[in-house]
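Inspection log for the structure reproduced underneath, given as structure tokens.
The values are calculated or read from the model by the stated rules, or taken from the named source; none is laboratory data. Since the structure is predicted, the reported quantities are computational estimates derived from the model, not experimental observations. Cβ placement follows ideal geometry from the backbone for every residue including glycine, while neighbour counts extend to all protein chains displayed. Heavy atoms of the whole protein, side chains included, go into the accessibility calculation; ligands, DNA and RNA do not. Shrake-Rupley method; radii C 1.70, N 1.55, O 1.52, S 1.80 Å.
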Amino acid sequence: MPAHINKEKGMQVLLRLSPEMTAMLSQAADRSGRSNTKEALVRLEDHLKSFTDLATPGRRFTAEDSEKAIK
């Protein structure tokens, strides 16, 4: 495990969002009642569980697709 990843807390990530992405995230957080940080974490976790790869722009490989390829 790389030194910058805490075994108990995980990894801290710093992102710079465009004004448009910031507005989208803030609106979603307001609707859900979550903080911007929590909303970003929930959405990233959901995306990573749903899509195992983004091999090319505009083409997504779902977790289901990956399971089928392995079999």
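For the range 49-71, filtering for residues that are open to solvent by 60 Å² or more (accessible area, probe 1.4 Å) and modelled with pLDDT under 85 leaves 16.
Residues in the range 1-40 that are modelled with pLDDT of 95 or more and either surrounded by 12 or more Cβ atoms within 10 Å (Cβ to Cβ) or not hydroxyl-bearing (Ser, Thr, Tyr) (or both): 22 in all.
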